[in-house]
Amino acid sequence: MTDYPPATLRLSPQALPAMRAAYDRALDDLGREMQKLRDVGHLAGPWLGDPVSARTVEFYNARVMDAPDGPFGAMVTYQQELVRVRDQLAEMEADYRRTEGDNVALWGRL
C-alpha cells in the first residue's frame, strides 16, 4: 500500500456555488439511475425454473443487490459520499459568506 501526503484543494470562494451546483446535478442524475436500479435490479425468479437458475437468482439478489458490501451497496455508499462533499461545500460557502460579512462590517466601522 502506498501512502500519499494529504492533498489540499485550493479554490476561489466564487467557485464554491458552481461546484456545489455541479454536485447537485450529479446527485440528481445518480438518484434517478439508482431509483431505476432499485426498481429493476432484483431478479424476480428463476428464468428457467430449474434449481441452477433458482440458486443463481438467490445468489445474485443476495450478493449484488442486498449485501451492504456488494455492488449496489457500493453505489449507495458513493451517493452518500457525494452528499457529504456537497454539504461540506455548502458549509464552506456559508463560512466564507459569514467571514466576508464580518470583514465588511469591521471595515465599515474603521
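Where a number appears in this text, it was derived from the coordinates with a stated rule and is not lab data. Just so we're clear, the structure is a prediction, and the values are computed from it rather than from any experiment. Don't worry about glycine lacking a Cβ; one is built from the backbone with ideal geometry, like all the others, and counts go over all protein chains shown.
Which log10 I(q)/I(0) values does the chain give at q = 0.15, 0.19, 0.20 Å⁻¹ under the Debye formula, counting every alpha carbon as one identical point scatterer?
-0.84, -1.03, -1.07
How about the stretch 20-110: which chymotrypsin sites (Phe, Trp or Tyr not before Pro) there lie in a loop by DSSP and see at most 12 other Cβ atoms within 10 Å?
Counting only loop positions with at most 12 other Cβ atoms within 10 Å, the chymotrypsin sites (Phe, Trp or Tyr not before Pro) in the stretch 20-110 are W47.
At what distance in nm do the modelled label points of D24 and L82 sit from each other, each positioned 7 Å from its Cα along Cα→Cβ?
Roughly 1.5 nm, to one decimal.
Which angle from 0 to 90°, rounded to the nearest 10, does the C-alpha axis of helix 51-60 make with the longest principal axis of the chain?
For helix 51-60, the angle is close to 10 degrees.
Please go through the stretch 1-77 and write out the trypsin sites (Lys or Arg not before Pro) that DSSP classes as loop and that have at most 12 other C-beta atoms within 10 Å.
R10
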